[in-house]
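Read through the structure below, which is laid out as structure tokens, and then see the notes.
The values are calculated or read from the model by the stated rules, or taken from the named source; none is laboratory data. Small disclaimer: the values here were computed from a predicted structure and weren't measured. Neighbour counts run over all protein chains shown; Cβ positions are idealised from the backbone, glycine included. Quick note on the areas: whole protein, heavy atoms, side chains included, nothing else; ligands and nucleic acids left out. Shrake-Rupley method; radii C 1.70, N 1.55, O 1.52, S 1.80 Å.
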Amino acid sequence: MLTLTDLRGRRVQARSVLPRAAVDISTTVEAVTPILEQVRTTGVPALLQLAERFDGVRPAALRVPQEVMDQALDQLDPQVRTALETLISRAREVHTAQLPAASVVSPGPDARVTNRWVPVDRVGLYVPGGQAVYPSSVVMNAVPAQVAGVGSLAIASPPQRDFGGWPHPTILAAARLLGVDEVLAAGGAQAIGMFAYGAREETGELTVEPVSLITGPGNIYVATAKRAVQGTVGIDSEAGPTEIMVLADEAAPAHLIAADLISQAEHDVLAAAVLVTDSMDLAQRVLAHVEEQAAATEHLDRVKQALSGAQSAVLVVDTMDQAVEIANAYGAEHLEIMTDDDAGLAERITNAGAVFLGPYTPVSLGDYAAGSNHVLPTGGAAAYSSGLNVTSFLRSQQVVHYGKDGLAQVSDHVRALASAEGLPAHGQAVAARFA
């Protein structure tokens, strides 16, 4: 299924050999634009109509009743509940350590500048509901927002025909465990529009208040909608198909690498799975294990398409130095390192959403129980952006207080710079205080 490319003995630019799928969200703009406009102008009636059109069910209400959420938690499988509670606990611990500290600086006498962090007022958390159920995404989005001190959280997830028009019960149970009581039965581009513009009933009553920031992954229509509303609200990212890259040497366990490549490939037919190694022998063994393990996996068709796509490959290079160069050029969402010097190679990785070291740290651990966040940049965006974290929900704000003596010390500088920029009234505003 995977294509093997032998790069040994060749002089190549790292970026020229990167396997990438051609994903262009501009192709869905024409479909998404009228949906957003319909939600903006019509509100709740439009959302219910669009749910019936796209999800095959019309919810009894947009907001999930509290008793439905309580019932979902009561009926949650005890093992799943324990797993979610463990994830919540570990995620809170890890994300609490990310909280930045305020600081106070005195640049001069009678002068003080306070650097402080302020949470956004309201956040809309999107949780997909297509090929799989993602209660872990509820946790990954809600916990850092709660740790940051966001006062108002709303979750949107598509209504399900099999569950009375409400989002999947496991999603509702996860929200209940987190103490999030505003859950909305809306999915796709229409849910993004609802968060951006709010939603009113036909009577004019505001059922859903607009948010300041939208986070959470979704399909190409969700990504397109997030791009369209950016500016009206903030967004975390335009998450694309998931990616895994593995850097491995001769001694790495081939069967585990194969298992990890398959685990990401089962997400989506566009999922990317890439191995970079300096060992042809390891590459051949991984390919054999992939064929064997994939044949027994539940989502064989999906896995086969993902691993056969242009976005997936096995690259054999001369040295692990070249492997690191390719990894930094690729900027993988998930980067696993299985070598005789995992920590040393990790120190040289500048571009990756998250890095997983050693044979006992699979990406699936990060998805469910490590405590790290699994909402990570894709498509090379790790070169300039971070995964979801506490600071995603905070704004840096400066509070400035100068007394008369403090202002006097720099008044000439202010007036000189104001004059140089052709803004004399700026300088006069300072001079007026000493007239």
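Here are the numbers:
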quantity: Local electrostatic count at residue 372 - Lys and Arg +1, Asp and Glu -1, tallied over other residues with Cβ under 14 Å; calculated: -2
quantity: ³J(HN,Hα), Karplus 6.51/-1.76/1.60, whole Hz, each residue of the range 285-299, x for Gly, Pro; calculated: 5, 5, 4, 5, 5, 4, 4, 5, 6, 5, 4, 9, 7, 5, 9
quantity: The range 191-269: GluC sites (Glu not before Pro) in DSSP coil with no more than 11 other Cβ atoms inside 10 Å; calculated: 202, 205
quantity: The range 282-435, relative contact order [Cα under 8 Å, separation at least 6], %; calculated: 14
quantity: Under 12 Å, Cβ to Cβ, from residue 400 - net charge with Lys/Arg +1 and Asp/Glu -1; calculated: +2
quantity: Ordering of 415-427, 271-283 by burial proxy (mean other Cβ atoms within 10 Å per residue, highest first); calculated: 271-283, 415-427
quantity: Value of [θ]222 nm, deg cm²/dmol, for the chain, DSSP H segments ≥ 4, -39500 (n - 2.57) each, nearest 500; calculated: -13000 deg cm²/dmol
quantity: Percent of beta bridges antiparallel (DSSP, the range 272-362, rounded to nearest 5); calculated: 0
quantity: Carbon + sulfur, % of accessible area of the range 319-424 - ligands and nucleic acids excluded, 1.4 Å; calculated: 52
quantity: Equivalent ellipsoid semi-axes - Cα gyration tensor, the range 322-435, angstrom; calculated: 51, 17, 13
quantity: FRET efficiency estimate (nearest 0.05) - Cβ-Cβ, residue 250 to residue 5, R0 22 angstrom; calculated: 0.75
quantity: The range 257-399 - Kirkwood radius from inverse mean 1/r over Cα pairs (Å); calculated: 16.1
quantity: Rule-of-thumb Rg ratio for the range 318-364 [Cα; 2.2 N^0.38 Å; N residues]; calculated: 1.04
quantity: Whole-number percent relative contact order across the chain, with pairs defined as alpha carbons under 8 Å at least 6 apart; calculated: 21
quantity: Long-range tail of P(r) for the range 150-268 (Cα pairs > 26 Å, %); calculated: 36
quantity: Estimated translational D of the chain in µm²/s (Stokes, Kirkwood radius over Cα pairs; 25 °C; 0.890 mPa s); calculated: 102
quantity: Peptides ranked, highest mean first, by Cβ atoms within 10 Å: ranges 370-378, 167-175, 357-365; calculated: 167-175, 370-378, 357-365
quantity: For the range 421-435, Karplus couplings with θ = phi - 60° (6.51, -1.76, 1.60), whole Hz, Gly/Pro x; calculated: 8, x, 10, x, 5, 4, x, 5, 4, 7, 4, 4, 6, 10, 6
quantity: Proximal charge balance of residue 290 [Cβ under 13 Å; K/R count +1, D/E count -1]; calculated: -2
quantity: Protection proxy ranking of 71-77, 226-232, 144-150 - average other beta-carbon atoms within 10 Å, highest first; calculated: 144-150, 226-232, 71-77
quantity: Potential extension, residue 162-residue 391 segment - 0.36 nm per residue separation minus Cα distance; calculated: 78.7 nm
quantity: FRET E, pair residue 30, residue 400, Förster distance 45 Å, beta-carbon r, rounded to 0.05; calculated: 0.45
quantity: Rounded to whole Hz, the Karplus (6.51, -1.76, 1.60) HN-Hα couplings of the range 366-380, x for glycine and proline; calculated: x, 5, 10, 8, 5, x, 6, 9, 9, 8, 10, x, 10, x, x
quantity: Accessible area (Å², per residue) of the chain, counting only protein heavy atoms and a probe of 1.4 Å; calculated: 46
quantity: Residues whose placed amide H lies under 5 Å from that of residue 155, excluding near-sequence neighbours; calculated: 125, 182, 183, 184
quantity: Calculated Rg and Dmax of the range 1-102 using C-alpha coordinates, Å; calculated: 23.8, 65
